[in-house]
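Right, one structure below, let's go through it.
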Amino acid sequence: MSAEDRFASLKPAFGDQVGLIHGRMSGRDKDEAMRAFKAGETRVLVATTVIEVGVDVPDATIMVIEHAERFGLAQLHQLRGRVGRGEQASSCILLYKSPLGEIARQRLSIMRETEDGFRIAEEDLKLRGEGEVLGTRQSGTPGFQVARIEAHADLLEVARDDARLLLSRDPELQSPRGEAVRLLLYLFGRDEAVRLLRAG
């Protein structure tokens, strides 16, 4: 259900006590919706993920996230962090549509188990994959044949430092070692990585 539809469905029950905020509203309208909610003029705020960061309303104690199965762990954690910022106890209710896929089930289970941001980040990395080290994909496996970032971070850091040293000494990869690296990058389809490495 869209935010507008949910707002319309709650309006008969809550009247002027329900507010609405979403990304397509003007900045002025969004600011006014947040001001009214923070001041207690509206007691229920229907929102899209536009409220994910930067919203601090200490009196907000209950959040309901519809279709929680569609969100990643980091986003769920950010959204959950919008409540419980004051002295009162708070709750975050995750609603989902069955049947859940295995990854969605794991995500929701982790959200139930912990509020530790570091653990959530680690689990998110395991579930989504780390993406490409030399590329633009931000999730999925990076295509390493053996290495796994969570298990071999120290080795990957040494490899990164070695690559930087090579590029500082041989930026055009003209030395025998540089030519070998260029050939490896070409064979693995990563010849564009030289440009990314130079960019830092």
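Computed quantities for the displayed model
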read-out	value
Enumeration of residues in region 3-15 that are free of Cβ contacts under 8 Å to residues at least 60 places away in the same chain, within 18 Å of Lys30 (Cβ to Cβ) and not aromatic (Phe, Trp, Tyr)	Ala3, Glu4
In region 78-90, residue nearest to Ala47 (Cα to Cα) [restricted to those that are in a loop (DSSP other than H, G, I, E, B) and open to solvent by less than 40 Å² (accessible area, probe 1.4 Å)]	Arg82
Test set (1) open to solvent by 80 Å² or more (accessible area, probe 1.4 Å); (2) within 24 Å of Glu4 (Cα to Cα); (3) not in a loop (DSSP other than H, G, I, E, B) - Arg112 fails condition number	(2)
Residue tally, condition of a type in the set (Val, Ile, Thr) and either over 12 Å from Val50 (Cα atoms) or in contact with a Ser or Thr (Cβ under 7 Å, 6 or more places away or on another chain) (or both), over region 6-36	1
Residues (small (Gly, Ala, Ser) and either buried (at least 16 other Cβ atoms within 10 Å of the Cβ) or closer than 16 Å to Leu79 by Cα (or both)) located in region 37-61	Ala47, Gly54, Ala60
Yes/no for Arg43 being more than 25 Å from Ile120 (Cβ to Cβ), out of contact with any strand residue (DSSP E or B) (no Cβ under 8 Å at 6 or more places or on another chain), at pLDDT 90 or above and of a type in the set (Lys, Arg)	no
Out of Ile65, Ile93, sole residue that is open to solvent by less than 30 Å² (accessible area, probe 1.4 Å) and over 15 Å from the mean Cα position of the chain (by Cα)	Ile65
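The values are calculated or read from the model by the stated rules, or taken from the named source; none is laboratory data. The model shown is predicted, which means the values in this text are computed figures rather than measured ones. Glycine also receives a Cβ, built like all others from the backbone with ideal geometry; neighbour counts cover every protein chain displayed. Side chains are part of the model used for accessible areas, which takes the heavy atoms of the whole protein and leaves out ligands, DNA and RNA. Shrake-Rupley method; radii C 1.70, N 1.55, O 1.52, S 1.80 Å.
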